[in-house]
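Undergrad: First, the structure itself, so that you have it in front of you.
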Amino acid sequence: MRYWKPEDIFTAPCPFCQGEIEFWKDEPLRVCPSCRKEVRNPKQDFGCAEWCKHGLECLDPAPEGKKPGPAG
Ligand SMILES: [Zn+2]
């Protein structure tokens, strides 16, 4: 177990049920103990791909059917 300080943990209200959620400062997502929904850490500033389940779909896909053919 790593050493940690009380200030490494903070509480934030759940946006769904207004319950209190304890966030670890490094944790991007936390499951609300009251409503069991996933709540994003409000103090983290990740891109959506880090936490959103549609993150991969958000990313620009490489164009297909444009493979480099043989020269000539
Ligand atoms: Zn909740």
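The values are calculated or read from the model by the stated rules, or taken from the named source; none is laboratory data. On a predicted model such as this, the values are computed, not experimentally measured, just so you know. Remember, those area values only see protein heavy atoms, side chains included, never the ligands or the DNA or RNA. Shrake-Rupley method; radii C 1.70, N 1.55, O 1.52, S 1.80 Å.
Undergrad: Counting only the heavy atoms of the protein chains, how much of Arg30 is accessible to a 1.4 Å probe, in Å² to the nearest 10?
TA: Accessible area of Arg30: about 90 Å².
Undergrad: For Val39, enumerate residues with amide H under 5 Å from its amide H, sequence gap 5+ or separate chain, H modeled in the peptide plane.
TA: HN-HN under 5 Å from Val39: Arg30, Val31, Cys32.
Undergrad: Now for a different question. So what J values fall out for segment 3-14 if you push phi through Karplus, 6.51 cos²θ - 1.76 cosθ + 1.60 with θ = phi - 60°, rounded to Hz, Gly and Pro as x?
TA: Residue by residue, segment 3-14 yields 6, 8, 10, x, 6, 6, 10, 9, 10, 9, x, 5 Hz.
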